[in-house]
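The values are calculated or read from the model by the stated rules, or taken from the named source; none is laboratory data. Keep in mind it's a predicted model, so treat the numbers as computed, not measured. FYI the Cβ positions are ideal-geometry reconstructions off the backbone, even for glycines, and counts take in every protein chain you see. For accessibility, only protein heavy atoms count, side chains too; no ligands or nucleic acids. Shrake-Rupley method; radii C 1.70, N 1.55, O 1.52, S 1.80 Å.
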Amino acid sequence: MAKQHKFLLDESQMPTRWYNIVPDLPSPPPPPLHPGTHQPVGPDDLAPLFPEDLILQEVSTERYIEIPEEVQDIYRLWRPSPLYRAHNLERALGTPAHIYYKYEGVSPAGSHKPNTSVPQAYYNAKSGVSKLTTETGAGQWGTALAFACALFGLECEVWQVGASYDSKPSRRTVIETFGGSVHRSPSELTEIGRKILGDLPDHPGSLGIAISEAVEVAGQDEKIHYALGSVLNHVLLHQTVIGEEAILQLEMAGEQPDVIVGCTGGGSNFAGLAFPFLREKLAGRMSPTIRAVEPASCPSLTRGTYAYDFGDTGGFTPLMKMHTLGHDFVPDPIHAGGLRYHGMSPLISHVYELGLMEAIAVPQTECFAAALQFARSEGIVPAPEPTHALAACIREALAAKEAGDERVILTALCGHGHFDMAAYDAYLGGRMVDEELTDQRFAEPLTRLPQIG
Ligand SMILES: *Cc1c(COP(=O)(O)O)cnc(C)c1O
């Protein structure tokens, strides 16, 4: 029989509701706190930045939330996304393992990000605002939000991390093509940006700084809201369409996952894939090991602290209990721009604390070696972020070879790397290096965590 590479669902099998893991956990995650009073934040505290529908989703304890028809219509432009069995990679590795990857690079932005940018733009447009501000690292989130804003008639203003703005000019052009505007962060347009540039004029920027700038601008005008591409509960919720589809697709393949690996920046593509499987695991219907993979240069789960911290560098956001490297930690300008966030989603941090998942950190040269092996066998050039997941897949597949078992490995290939040629060029030209990571490098920013009584 011919090998089956693709497992495809038809449109009628696309999920019509998002899955919220909170009611299925043995305890709820700790609440976000007001940065001034240190009391749990209420809906009113979030209202200047987010529409009511998203605030309700953020605090929801309902297991399932219906996906609005208008959002489903747009999802169908690229959903359901394909699940692939990586036969060619398996052969190249000589492994008996079965490797599956759910490919989100088929979306308009080339990543999983439109799964949440579309509902976020939809609910914001419904609430009557006229503009969204946001941050972007590598540019994937800015692209996805600009696309979604174009569909719902919203303006979109993006602060892009300086290091990525300089190294990936094509991403800016895509955002502008979708109708968005882009600023290099730190910028002269905000108080926090001017302050940081005053101290260090050629600052490379960070996601924490770009978030501060976008939040500062949104907070000044009630017609402007802010949109976040990762970290928050409602973002993880929207991404669960990935895992729900993958469950059906693995059923078609007649398999169950033994190991699920995914790259984690703020945690949204990983949670989107893994949480529906974790629901099945908690209900005793399957028992996969679930493992997050983070960059060695920004290892919030494996080398950070579990504590209340700000989501941004300026200290404007609510305090979130999460694994953090400290809100003013500036990661090395590694090529996986989407993974350079100082914190981890509070919900994933909580699941990690509950012992329901594992985490590892991988250096970028190992990730790009994995990317080349993957590209040369499967024919897709991955974004730098999911190269971390691929490196972990390959480690696992080689362990299966050593042990001589046919374990089933599942990952999300959460984006393609067509705009990341500078990263590939650096790797192919032998100019990519791994940062030396001393304990001192991580200890220092943690001394400035907010003190919660
Ligand atoms: C944004 C992004 C990430 C990191 O964000 P998560 O919320 O951790 O998923 C990873 N991969 C790609 C392709 C991205 O665009």
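Mean separation of Cα pairs under 8 Å and 6+ residues apart, divided by the residue count of the chain: what relative contact order is that in percent?
About 19 percent, as a whole number.
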Selection of GluC sites (Glu not before Pro), segment 388-447, meeting DSSP coil and at most 14 other Cβ within 10 Å: 406, 436
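Give, in nm to one decimal, the length gained when the segment between residue 431 and residue 181 is fully stretched (0.36 nm per residue of separation minus the Cα-Cα distance).
Extra length available between residue 431 and residue 181 comes to 86.8 nm.
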Trypsin sites (Lys or Arg not before Pro) within segment 155-258: DSSP coil, no more than 11 neighbouring Cβ in 10 Å: 223
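Which whole-number percentage describes the relative contact order of segment 255-337, with Cα contacts under 8 Å and a sequence gap of 6 or more?
On the way: 103 pairs, mean separation 19.3, N = 83.
Relative contact order for segment 255-337 comes out at 23 percent.
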Rounded tilt (10° steps) of 268-282 against the dominant C-alpha axis of the chain: 60
Reach of residue 3 by Cα under 19 Å, taken over aspartates and glutamates that are not fewer than 8 positions away in the same chain: 90, 251, 255, 378, 406
Cleavage-rule hits (GluC sites (Glu not before Pro)) in segment 172-271: DSSP loop, at most 10 neighbouring Cβ within 10 angstrom: 188
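Can you give the local net charge around residue 452? Use residues other than it whose beta-carbon is closer than 11 angstrom to its beta-carbon, Lys and Arg +1, Asp and Glu -1. Please list the in-between numbers first.
Working: positive: 321; negative: 309.
Within the 11 Å Cβ shell, the charges total 0.
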Net charge, residue 127 excluded, C-beta distance under 9 Å - Lys, Arg +1, Asp, Glu -1: -1
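Based on Cα coordinates alone, diagonalise the gyration tensor for segment 410-453, multiply each eigenvalue by 5, take square roots, and list the semi-axes in whole Å, largest first. Provide the component values of the computation, followed by the final result.
Details: eigenvalues 226, 71, 21 Å².
One finds semi-axes of 34, 19, 10 Å for segment 410-453.
Within the chain, what percent of beta bridges assigned by DSSP are antiparallel, to the nearest 5?
Values: 19 of 52 bridges.
Counting DSSP beta bridges with both partners in the chain, the antiparallel share is about 35 percent.
Output the relative contact order of segment 182-339, whole-number percent, from Cα pairs under 8 angstrom with separation of 6+ residues. Kindly include the intermediate steps, with their values, before the conclusion.
On the way: 219 pairs, mean separation 31.9, N = 158.
Normalised by residue count, the contact order of segment 182-339 is 20 percent.
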Accessible surface of segment 149-228 [probe 1.4 Å, protein heavy atoms]: carbon and sulfur percent: 51
Cysteines without a disulfide-compatible neighbour (Cβ-Cβ under 4.7 Å), the chain: 263, 298, 367, 393, 414
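May I ask for the net charge around residue 314, where only other residues with Cβ less than 11 Å from the Cβ of residue 314 are counted and Lys, Arg are +1 while Asp, Glu are -1?
Working: positive: 195; negative: 191, 213, 216, 312, 328.
Once all neighbours under 11 Å are counted, the net charge is -4.
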Acute angle (nearest 10 degrees) that the helix 207-218 long axis makes with the longest principal axis of the chain, alpha-carbon atoms: 50
Three-way shape label, segment 85-224, alpha-carbon gyration tensor, a/c 1.5: oblate
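How much area per residue is accessible in the chain when the probe is 1.4 Å and only protein heavy atoms are counted (Å²)?
Numbers: 16600 Å² over 453 residues.
Per-residue accessible area for the chain comes out at 37 Å².
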Size of segment 281-390 as Cα extents on the principal axes (Å, biggest first): 44, 42, 19
Long pairs among 126/223; 102/281; 195/321; 131/195; 195/223, criterion Cα-Cα beyond 21 Å: 195/321; 131/195; 195/223
Cα gyration tensor, the chain - rounded (a/c under 1.5), prolate or oblate: rounded
